[in-house]
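The structure under discussion appears below in the form of structure tokens.
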Amino acid sequence: METLLVSACLLGYPCKYCGGSSNFIGDEKWAALKERYRLVSVCPEFAGGLPTPRDPSERVGDRVVSNHGADVTENYRRGAETALALCRRFGCKKALLKAKSPSCGRDFIYDGSFSGTLTEGHGVTAELLLENDVVVFSEKELESLL
Ligand code: SF4
């Protein structure tokens, strides 16, 4: 069975920055994914040593900064390295990652102004996986994985 790396919050883990599990994809889609893949879950921000709940953070150039000005770049890098290590360990060639997140987002992320404005770019984990030939899907593309 093929393996798929998945953002843990999409599977209902309450690891979102504000806590809670509102990113859950729902029972039906979760069951469909489980039928098709061996799922490997990761929350890069938690894996990188950040607590839940935590301050929201956004990418600012090469850095990641919280809304209170704390530099959390190293936490994000460690989390990305953990996600890549899991892909290598379990042979995941695809990942289903949460859109817009400064860790997991692909193509568009928040622009660092904490105003809800999106800009082109990848989250730190999505970027590292893409650089290492993992095909990254967002939850908006989940159907194409089934
Ligand atoms: Fe979800 Fe990724 Fe944010 Fe963790 S880092 S809460 S997996 S979007």
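The values are calculated or read from the model by the stated rules, or taken from the named source; none is laboratory data. On a predicted model such as this, the values are computed, not experimentally measured, just so you know. Counting neighbours? That spans all protein chains shown, and the Cβs are built from the backbone with ideal geometry, glycine included. The area values use the complete protein model at the heavy-atom level, side chains included, leaving out ligands, DNA and RNA. Shrake-Rupley method; radii C 1.70, N 1.55, O 1.52, S 1.80 Å.
Among the residues of the range 52-79, which ones are among the β-branched types (Val, Ile, Thr) and open to solvent by 40 Å² or more (accessible area, probe 1.4 Å)?
Listed by number, the residues that qualify are THR52, VAL60.
When the range 76-113 is examined, which residues are found to be farther than 17 Å from LEU4 by Cβ and either of a type in the set (D, E, K, R) or modelled with pLDDT under 95 (or both)?
ARG77, ARG78, GLU81, LYS100, ASP107, ASP111
Regarding the range 3-17, can at least one residue be identified that is buried (at least 16 other Cβ atoms within 10 Å of the Cβ), under 16 Å from GLU127 (Cβ atoms), touching a residue at least 40 places away in the same chain (Cβ under 8 Å) and in contact with a strand residue (DSSP E or B) (Cβ under 8 Å, 6 or more places away or on another chain)?
So far as the range 3-17 goes, yes, one or more of its residues are buried (at least 16 other Cβ atoms within 10 Å of the Cβ), under 16 Å from GLU127 (Cβ atoms), touching a residue at least 40 places away in the same chain (Cβ under 8 Å) and in contact with a strand residue (DSSP E or B) (Cβ under 8 Å, 6 or more places away or on another chain).
Considering every residue within the range 30-39, establish whether at least one is farther than 21 Å from LYS140 by Cβ, of a type in the set (A, V, I, L, M) and open to solvent by less than 70 Å² (accessible area, probe 1.4 Å).
Looking for residues that are farther than 21 Å from LYS140 by Cβ, of a type in the set (A, V, I, L, M) and open to solvent by less than 70 Å² (accessible area, probe 1.4 Å), one finds none in the range 30-39, hence no.
Looking at the range 98-146 only, could you name the residues that are polar (S, T, N, Q), surrounded by fewer than 16 Cβ atoms within 10 Å (Cβ to Cβ) and touching a residue at least 12 places away in the same chain (Cβ under 8 Å)?
Of everything in the range 98-146, those that are polar (S, T, N, Q), surrounded by fewer than 16 Cβ atoms within 10 Å (Cβ to Cβ) and touching a residue at least 12 places away in the same chain (Cβ under 8 Å) turn out to be SER113, ASN132.
Which pairs do you get when a residue that is under 21 Å from ARG106 (Cβ atoms) and touching a residue at least 60 places away in the same chain (Cβ under 8 Å), found in the range 47-67, comes within reach of a residue that is not aliphatic (A, V, I, L, M) and not in a loop (DSSP other than H, G, I, E, B), reach meaning Cβ atoms under 8 angstrom, with the pair 6+ apart or on two chains?
Short answer, once both residue conditions are applied: ARG59/TYR110; VAL64/SER57; VAL64/GLU58; VAL64/ASP71; VAL64/THR73; VAL64/ASN75; VAL64/TYR76.
What's the number of the only condition in (1) assigned to a loop (DSSP other than H, G, I, E, B); (2) within 16 Å of the ligand (Cβ to nearest atom) that GLY69 fails to meet?
Every listed condition holds for GLY69 apart from (2).
Where residues in the range 6-46 are more than 10 Å from the ligand (Cβ to nearest atom) and part of a strand (DSSP E or B), which of them is nearest to the chain's Cα centre (by Cα)?
The residue in question is VAL40.
Farther than 13 Å from VAL6 by Cα, at pLDDT 95 or above and not in a helix (DSSP H, G or I): is that true of GLY116 in this structure?
So GLY116 fits the description; yes.
Failed condition for GLY49, given (1) open to solvent by 80 Å² or more (accessible area, probe 1.4 Å); (2) of a type outside the set (Ser, Thr, Tyr); (3) within 16 Å of the ligand (Cβ to nearest atom), with all others met?
Of (1) open to solvent by 80 Å² or more (accessible area, probe 1.4 Å); (2) of a type outside the set (Ser, Thr, Tyr); (3) within 16 Å of the ligand (Cβ to nearest atom), only one is false for GLY49: (1).
In this structure, does VAL65 turn out to be at pLDDT 95 or above and under 21 Å from LEU11 (Cβ atoms)?
It is false that VAL65 is at pLDDT 95 or above and under 21 Å from LEU11 (Cβ atoms).
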